[in-house]
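Right, one structure below, let's go through it.
The values are calculated or read from the model by the stated rules, or taken from the named source; none is laboratory data. In this text the structure is predicted, and so the values were computed from the model without any measurement. Here the Cβ is made from the backbone with ideal geometry for all residues, glycine too, and neighbour counts use every protein chain on show.
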Amino acid sequence: MQRGIEVWAKALAEGLHREGCDVVLFHGGNAVAFQCPNQPLRFFRRADRWTQIWTRLAPSFMWRWGQKSTYEFEQRSFARAMLPHLREGGFDIVHTQDVEVALAVERERRAGRLNVATVFAHGTNEDPAMLAQFRYLQHITSAAGERAEEEVGGDAVHFTVSNFLDPAHFGHGTATGATAARDRWGVPHDAYVIGCAGVLIKDVKRMDALIPEVAGLMDREKNVFLFLAGHATSQTAAIEQEARAALGERQCVVRDLPFEAMPHFYRAIDLFVLPCMIETFGICLVEAMVEGVPVVAHDSPALRSVVGEGGWFVDVGRAGFLTEQWDAIRANASARSVAARHQAGAFTWDVVYPQFMAMYEDVMRDSSARNAA
C-alpha cells in the first residue's frame, strides 16, 4: 500500500462488496487483510533489485515501452499478470486509477481479446491525448471534468465522482486519542504540530519545502514542530538530514507509516500543510479535515473544490507562504476546524457510493448498446 491509488482501489472494492456488488480486487499479494473477494498477482515490483538493474541498463530508446521507468515497468508487469484472469471471462468493467493498467486492458479490448469496459479514473494529471484513448473517464473533481470535456473531444463519456474516505478508518478521533497519538511518536504534548503525509520525496510532492517554512516560524512560535510521514524513497534520507539541520529536535519523520496508522497521525497534528503544486484531489486533505485538522493547500480550482472553508489557500511555490498566513491561521484555527469536519462530510462513502453505482449503470448501458451495434 505505497500510493493513494492503491488505498483507493482497496477501499472501493471493499465498499462495493459490503453493498452486495460482485467485485474482485486484483492486488500485489502483500501482507494486507482484504475484506472482499480478491486475486493476488505475481509481477515485478519497482523496488525489486532486478527491476532496478533492468531499467538502469535497458537502452534509452526502450522508454517507449516503459522499460526505463521502474514505476511503468511495475505497472505493465502487473497488467500482464492480470490479463489472463480477465480473459477467463465474468468481468464487465475494469475500474482503475493507474493509466498503464487501463491502457493495457483497453489495448486487449480493441484487439478483440477482451469484452470489458475500461473506466479510467483520472487522478494523475494525464494530458488530453492520453485521456482521449478511453471512452469512459471518471474525474475526481468537477474542475478536472470540465477541463477534460473541453480538451479531450471524441466520443468520450465523462463522469465526475470524487474520491472518498474509508469509513472504517477515519473520523473517530477524540482528545484522548490525540494525546495517545503524540505519545506514540514522542511528539511533545505542548507543541503546535504542522504535519504532512505523502511520498517522502522532493519532486512533485515537495515534502522538503515545509522545512524552511517551519524554521521561519520558530522565532514567532517557539513550540512549533514538524511531523512528516509517508512512503520512503531514495530522497528520504536527504529530507531527514535537512529537517534535523534546520529544526533539531523539533521535527519527526516517520518512514513507511502503515495506512491503518494514518488516523493516529492526523490526531497528532494541529495543522496539515500540503506543499504540492500539482494535485488533482489530495485525499490526504480530506483525511485530515475529517479528524478536525484544518489544512493549507495550493490555490487551485481543484483544491478549492475539495477544501472549501476547511483551510487556507496559498501559492506554495513562493518562499514564506506559511509565515505570511500564520496570524490568520492562529486566529481562525478553531472555526476552520469545525468547517473542516463539515466539508469532509461531502466525501463520505454514503454520499459517494450512489454516484459510483449510477456511473457503472450508465457504462453498462452504453457498452451493451455499442456491442449490440
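Here are a few things to note about the model shown:
- Which listed residue is in contact with a strand residue (DSSP E or B) (Cβ under 6 Å, 6 or more places away or on another chain) and of a type in the set (A, V, I, L, M), from 25, 12, 16: 25
- In the range 17-41, the residues that are of a type in the set (Lys, Arg) reach residues that are exposed (fewer than 15 other Cβ atoms within 10 Å of the Cβ) and part of a loop (DSSP other than H, G, I, E, B) with C-beta atoms within less than 9 angstrom, at least six apart or across chains, in these pairs: 18/35.
- When the range 246-291 is limited to residues that are acidic (Asp, Glu) and assigned to a helix (DSSP H, G or I), the one that is surrounded by the most Cβ atoms within 10 Å (Cβ to Cβ) turns out to be 287.
- Search result, residues across the range 76-95 that are among the charged types (D, E, K, R) and in a loop (DSSP other than H, G, I, E, B): 88, 92
- For the range 178-222, a tally of residues being within 21 Å of residue 329 (Cα to Cα), touching a strand residue (DSSP E or B) at 6+ places or on another chain (Cβ under 8 Å) and of a type in the set (Gly, Ala, Ser) returns 3.
- Any hit, the range 192-208, residues being touching a Phe, Trp or Tyr at 6+ places or on another chain (Cβ under 9 Å) and farther than 18 Å from residue 269 by Cα: no
- Residues in the range 212-237 that are within 23 Å of the chain's Cα centre (by Cα) and either assigned to a loop (DSSP other than H, G, I, E, B) or farther than 18 Å from residue 185 by Cβ (or both): 231, 233, 234, 235, 237.
- Any hit, the range 74-81, residues being touching a helix residue (DSSP H, G or I) at 6+ places or on another chain (Cβ under 6 Å), at pLDDT 90 or above, buried (at least 18 other Cβ atoms within 10 Å of the Cβ) and in the same structural domain as residue 122 (by TED's automatic domain parsing): yes
- Pick from the range 277-303, criterion in contact with an Asp or Glu (Cβ under 8 Å, 6 or more places away or on another chain) and small (Gly, Ala, Ser), ranking: nearest to residue 197 (Cα to Cα): 297
- Test: residue in the range 361-369 that is free of Cβ contacts under 8 Å to residues at least 24 places away in the same chain, under 27 Å from the mean Cα position of the chain (by Cα) and loosely packed, with under 14 Cβ neighbours inside 10 Å: yes
- Considered as a group, the residues in the range 301-336 that are among the polar types (S, T, N, Q) and free of Cβ contacts under 8 Å to residues at least 60 places away in the same chain include one that is nearest to residue 217 (Cα to Cα), and that residue is 325.
- Qualifying residue in the range 183-196 (condition: modelled with pLDDT under 90 and either surrounded by 19 or more Cβ atoms within 10 Å (Cβ to Cβ) or under 16 Å from residue 99 (Cα atoms) (or both)): no
- Assessment of the range 39-59 against the conditions (surrounded by 14 or more Cβ atoms within 10 Å (Cβ to Cβ), at pLDDT 75 or above and touching a Leu at 6+ places or on another chain (Cβ under 7 Å)) yields no matching residue.
- Among the residues of the range 127-147, those that are surrounded by fewer than 18 Cβ atoms within 10 Å (Cβ to Cβ) and either over 15 Å from residue 160 (Cα atoms) or among the polar types (S, T, N, Q) (or both) comprise 127, 128, 129, 130, 132, 142.
- Residue 259 at pLDDT below 90 and in the same structural domain as residue 199 (by TED's automatic domain parsing): yes
- Condition check for residue 290: in contact with a Phe, Trp or Tyr (Cβ under 6 Å, 6 or more places away or on another chain), modelled with pLDDT of 95 or more and not assigned by TED's automatic domain parsing to the domain that holds residue 141: no
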